[in-house]
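Trainee: My questions all concern the structure below.
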Amino acid sequence: MDLLDSPCLNKGTAFTDGERTALGLHGLLPPQVETLDQQVVRAYEAYRRKTEDLERHIYLRALQDTNEVLFYRLLLDHMEEMTPVVYTPVVAQGCQEFCHIYRRPRGLFIPYPLRDSIRQLLTHRPHPEVDVIVVTDGERILGIGDQGVGGLGIPIGKLSLYTLIGGIRPDRTLPIVLDVGTDNEARLRDPEYLGWRHERVRGQDYDEFIEQFVRAVREELPGTLLQWEDFGIAHARPILDAYRDRLLTFNDDIQGTGAVVLGTVLSALQVTGVPLTEQRVVIFGAGAAGVGVADTLRSAMVQDGLDESVARERFWLVNRGGVVHADRSDLREEQRTYAHPWESVAPFARSDRHRVTLAETVEGVRPTLLIGLSTVPGAFDEPLVREMARHVERPVIFPLSNPTTKSEAAPDDLLEWSDGRAVIATGSPYAPVPFRGREVPIAQCNNVYVFPALGLGVIAGRARRVTDGMFLTAARTLAEESPTVRDPNGPLLPLISDLRRVAVEIAVAVGLEAQRTGHAPLTSPEELRQRVVATQWTPAYPVYAGM
Ligand code: NAI
């Protein structure tokens, strides 16, 4: 029974006659012996019987906790269909309902009251060897805010993609939730809430808890890749800054987002033919994502030869207070980097200097690239898009706010208002848009294109640190693998079903970059590639020895 209860070892009806005899399984399984292919057919049938997304999510999670090989084979065979169910957008519901759909333990819960025994908790991990940890404190889950302990759904989902796309062995991944309480009233009032019933720990106590956690990870699992996920804005960057030089770590919301947007922009520029160093960029929304994206694009411009200060001047950020300029007193440090002197803004400012609008900015700057990370639905309206398209032959427009209800524009409108000239990627998924006799594919700019591949490169390449340079390399490789290299009418990003292959290319490039900068032991490129390929696990049943 232990074998049948162990998701990493279980083969279910695929245990052979010989295995059943040797392992004492006769009688515990129905007499038919099946192949993995046959099991996939049955599992897919069961999946199709579910009528709601949350039910599909629960089914897949239960399968994952019963038989991991079957779970990943099913996912591999139906990648386009099932990725959104194990991860965004459906995982959001999985987190909200976490305590109501909870069945079996997966990952580690580290509650604040047990802060003095974190190392001990880490020794309770289900498998001894760990390549990658994804950790959250549940404070800013996707666009749905504080979910407390329910946030664990995100590390579980992300690690599923590490395995599905990056090929990291499932028994070498570890999801963790740091349960520091929740300020979500509904969760605190819910009699079924499973987390620590307490308001969020903040300030110095919080910082010390994080420090205790990091110290325990370094002692117990040195060299393991640690990915921070969905922390609140007040903690995300300080944690990254505090630990990025002390261990193998990164923050996907900050670094992963920047890289996937850069990769998609570079792919779009393959269509427009205008190099990155000649772009004028307007970003609507100067929050965590907006500033992070500006930082990454700017680094890539500098890498391509632009002077640091010239590159900075190419960016115009607009937020609630209007365009970002030096006379504003409401700017945060990281926003101030992009503050233009008022004299540069004045020529196109028609209204109050405290609120120079997006429309005025687009008119004045004539951007080649317009990115939305504002959560303001419909902000890219018809006059704005027509104005931009008047000055640019192929305007690149990315409404990236999620979910769909927050999108700055719908792709069909963007095509209509630009006479089909706009080059588009979105944050949320959209079906291909029929436009004047052709189907225009719409790329969804999602972090899944980068983090599993980067992780594969870091793990197989035995890197000791994760650097911004590795993210730039990942982004550039992603663009080189984009269908637009061969076909300007193709989608800006690879097909989901092609992602395992693309992940190998990104991983090799990331591994070489780590070696180039002295962050990984040197190998030949061929040896590195062999290691990457050998690391990438494919779901198949083991044959138990001697049977
Ligand atoms: P945030 O809250 O840190 O930033 C939002 C920004 O938009 C702020 O600068 C705010 O001033 C501005 N804003 C809000 N309302 C405005 C208004 N009425 N007029 C002008 N500016 C306004 O949020 P964050 O984390 O930066 O995320 C923003 C959006 O980007 C979200 O919808 C998120 O889902 C999406 N996103 C998409 C990603 C992707 O496509 N891969 C990755 C990361 C975020």
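Trainee: Treating the beta-carbon of each Lys and Arg as +1 and of each Asp and Glu as -1, no other charges, what is the dipole magnitude of the stretch 283-329 about its Cα centre, to the nearest 20 debye?
Mentor: In debye, rounded to 20, the stretch 283-329 gives about 240.
Trainee: Rounded to whole Å, give me the distance from the Cα center of the stretch 511-547 to that of the stretch 312-382.
Mentor: 46 Å
Trainee: Along the Cα→Cβ direction, 7 angstrom out, place labels at residue 127 and residue 51. What is the inter-label distance in nm?
Mentor: The modelled label-to-label distance comes out at 3.7 nm.
Trainee: Can you give the relative contact order of the chain as a percent, counting alpha carbon pairs under 8 Å and 6+ residues apart?
Mentor: In percent, rounded to a whole number, it is 13.
Trainee: Then there's this: What does the convex hull of the Cα atoms come to per residue for the stretch 124-240, in Å³?
Mentor: Convex hull of Cα atoms, per residue: 117 Å³.
Trainee: Taking the C-alpha atoms of the stretch 394-438, how large are the radius of gyration and the largest Cα-Cα span, Dmax, in Å?
Mentor: 10.1, 29
Trainee: To make sure I understand the rule: partners must be lysines, Cα under 25 Å from the Cα of residue 11, and not fewer than 8 residues away in the same chain. Which ones qualify?
Mentor: Within reach: 50, 158.
Trainee: Now for a separate question. Compute the whole-percent fraction of alpha carbon pairs in the stretch 182-325 spaced more than 28 Å apart.
Mentor: Every Cα pair in the stretch 182-325 considered, those over 28 Å come to 39 percent.
Trainee: Which percent of Cα pairs goes in each bin when the distances of the stretch 281-322 are cut into 5 angstrom slices starting at zero?
Mentor: Percent of pairs per bin, in order: 6, 25, 31, 20, 12, 4, 1.
Trainee: Oh, and also: Tell me, what is the Rg over Rh of the stretch 53-247, with Rh the Kirkwood radius over Cα pairs?
Mentor: 0.94
Trainee: Okay, next question. Would you mind giving the average projected area, over all directions, of the Cα convex hull of the stretch 1-136 in nm² with one decimal? All intermediate terms of the calculation are to be shown ahead of the outcome.
Mentor: Values: hull surface 41.6 nm².
Across all orientations, the stretch 1-136 yields a mean hull projection of 10.4 nm².
Trainee: Right, here's the next one. Under the definition of Cα pairs under 8 Å and six or more residues apart, what whole-number percent is the relative contact order of the stretch 258-446?
Mentor: 19 percent
Trainee: Another question about this same structure. As a test of the formula, what do you get for the chain when each DSSP H run with n ≥ 4 contributes -39,500 (n - 2.57) and the sum is divided by the residue count, at 222 nm and rounded to the nearest 500 deg cm²/dmol?
Mentor: Using -39500 (n - 2.57) per qualifying helix, the result is -12500 deg cm²/dmol.
Trainee: Kindly state, to the nearest 0.05, the FRET efficiency for residue 198 paired with residue 280, given R0 = 56 Å and r defined as their beta-carbon distance.
Mentor: FRET efficiency, residue 198 to residue 280: 0.70.
Trainee: Using DSSP to call loops (not H, G, I, E or B), can you name the trypsin sites (Lys or Arg not before Pro) in the stretch 441-517 whose Cβ has at most 14 other Cβ atoms within 10 angstrom?
Mentor: Sparse-neighbourhood loop trypsin sites (Lys or Arg not before Pro): 464, 486.
Trainee: In Å and whole numbers, how far do the C-alpha atoms of the stretch 299-350 stretch along each principal axis, longest first?
Mentor: Rounded to whole Å, the extents work out to 34, 24, 14 Å.
Trainee: I would also like to ask the following. Let me check something: with ligands and nucleic acids excluded, how do 95, 8 order by accessible area (1.4 Å probe), largest to smallest?
Mentor: In descending accessible area the options line up as 8, 95.
Trainee: Given q = 0.11, 0.14, 0.25 Å⁻¹, what are the Debye log10 I(q)/I(0) values for the stretch 449-535, with equal point scatterers placed on the Cα positions and solvent ignored?
Mentor: -0.28, -0.44, -1.14
Trainee: Mind listing the long-range amide H neighbours of residue 423? Cut-off is under 5 Å, sequence gap 5 or more, other chains count too, H placed in the peptide plane at 1.01 Å from N.
Mentor: Amide H neighbours of residue 423, under 5 Å, 5+ apart: 396, 397.
Trainee: Extent of the stretch 1-50 along each principal axis, from alpha carbon coordinates, in Å, largest to smallest?
Mentor: The principal-axis extents, from largest down, are 35, 20, 16 Å.
Trainee: Would you work out if the stretch 123-168 is rounded, prolate or oblate? Take a ≥ b ≥ c from the square roots of the eigenvalues of the alpha-carbon gyration tensor; rounded if a/c is under 1.5, else prolate when a/b is larger than b/c, oblate otherwise.
Mentor: In terms of gyration-tensor shape, oblate.
Trainee: OK, next. Probe radius 1.4 Å, ligands and nucleic acids ignored: give me the carbon and sulfur share of the accessible area of the stretch 258-446 as a rounded percent.
Mentor: Answer for the stretch 258-446: carbon and sulfur cover 48 percent of the accessible area.
Trainee: While we're on this one: For the residue pair residue 104 and residue 435, what label-to-label distance in nm results when each label sits 7 Å from Cα along the Cα-to-beta-carbon direction?
Mentor: According to this spin-label approximation, the distance is 4.7 nm.
Trainee: Can you find, among 266, 10, 398, the residue farthest towards the positive end of the dipole of the chain? Put +1 on the C-beta of Lys and Arg, -1 on that of Asp and Glu.
Mentor: Among 266, 10, 398, the one farthest towards the positive end of the dipole of the chain is 10.
Trainee: Under the 0.36 nm per residue contour assumption, what length would be gained going from the current alpha-carbon distance of residue 501 and residue 117 to full extension?
Mentor: Length difference between fully extended and current span is 134.1 nm.
Trainee: Now for a separate question. The stretch 210-288: which chymotrypsin sites (Phe, Trp or Tyr not before Pro) are DSSP loop and have at most 10 other beta-carbon atoms within 10 angstrom?
Mentor: Answer by residue number: there is no such site.
Trainee: Okay, next question. Rg to Rh for the stretch 258-446: what is it, with Cα atoms only and Rh by Kirkwood? Could you put the intermediate results ahead of the total?
Mentor: Values: Rg = 15.5 Å, Rh = 16.5 Å.
With Rg and the Kirkwood Rh in hand, the quotient comes to 0.94.
Trainee: Turning to a different aspect of this structure: Return the FRET efficiency for the residue pair residue 522, residue 144: r is the Cβ-Cβ distance, R0 is 56 Å, and the value is rounded to the nearest 0.05.
Mentor: The formula returns an efficiency of 0.80 here.
Trainee: For a quick check of understanding: with a 1.4 angstrom probe and all protein chains in place, what accessible area in square angstrom does residue 541 have, to the nearest ten?
Mentor: Result for residue 541: roughly 40 Å² accessible.
Trainee: Something else now. Determine the dipole magnitude for the chain: charges of +1 sit on the beta-carbon of Lys and Arg, -1 on that of Asp and Glu, nothing else is charged, the reference point is the Cα centre, and the result goes in debye to the nearest 20. Write out the running numbers ahead of the final one.
Mentor: Values: 58 positive and 74 negative charges, 87 e Å.
So the magnitude is around 420 debye.
Trainee: Accessible area per residue of the stretch 53-247 at 1.4 Å probe, in Å²?
Mentor: 39 Å²
Trainee: Along the stretch 355-370, what does the Karplus equation 6.51 cos²θ - 1.76 cosθ + 1.60 (θ = phi - 60°) give for ³J(HN,Hα), rounded to whole Hz, x for Gly and Pro?
Mentor: 7, 6, 6, 4, 4, 4, 5, 5, 4, x, 8, 6, x, 8, 9, 10
Trainee: If you don't mind, there's one more thing I want to ask. Using the Karplus equation 6.51 cos²θ - 1.76 cosθ + 1.60 (θ = phi - 60°), what ³J(HN,Hα) coupling, rounded to whole Hz, does each residue of the stretch 314-329 give in order, writing x for Gly and Pro?
Mentor: 6, 10, 10, 9, 10, 9, 3, x, x, 5, 7, 9, 5, 7, 7, 9
Trainee: Taking only the Cα atoms of the chain, how large is their convex hull per residue, in Å³?
Mentor: So the per-residue Cα hull volume is 166 Å³.
Trainee: Please report, in whole Å³, the volume per residue of the convex hull around the C-alpha atoms of the stretch 47-86. Don't jump to the answer; show the numbers that get you there.
Mentor: On the way: hull volume 2.3 nm³, N = 40.
Spread over its residues, the Cα hull of the stretch 47-86 gives 58 Å³ apiece.
Trainee: At 0.36 nm per residue, minus the direct Cα-Cα distance, what do residue 97 and residue 326 gain on full extension? Give it in nm, one decimal, please.
Mentor: 78.0 nm
Trainee: Given a Förster radius of 45 Å and the C-beta distance between residue 220 and residue 544 as r, what FRET efficiency does 1/(1 + (r/R0)^6) yield to the nearest 0.05?
Mentor: 0.90
Trainee: Let me ask something else. Restricting to the chain, what percent of DSSP beta bridges are antiparallel, rounded to 5?
Mentor: Of those bridges, close to 15 percent are antiparallel.
Trainee: Expected output is a single nm value to one decimal: the length gained when fully extending between residue 464 and residue 357, i.e. 0.36 nm times separation in residues minus the C-alpha distance. What is it?
Mentor: Full extension from residue 464 to residue 357 adds 34.0 nm.
Trainee: Let me ask something else about it. Between residue 44 and residue 381, how many nm apart are label points set 7 Å from Cα along the C-beta direction?
Mentor: With each label point 7 Å from Cα toward Cβ, the separation is 4.7 nm.
Trainee: Okay, next question. In whole Å, how far is the Cα centre of the stretch 253-299 from that of the stretch 131-147?
Mentor: For the stretch 253-299 versus the stretch 131-147, the Cα centre distance is 24 Å.
The values are calculated or read from the model by the stated rules, or taken from the named source; none is laboratory data. Treat the numbers as computed from the prediction; the structure is a model and nothing was measured. Every residue, glycine as well, gets a Cβ built from its backbone with ideal geometry; the counts of neighbours run over all protein chains shown. Accessible surface is based on the protein model in full, side chains and every heavy atom, while ligands, DNA and RNA are left aside. Shrake-Rupley method; radii C 1.70, N 1.55, O 1.52, S 1.80 Å.
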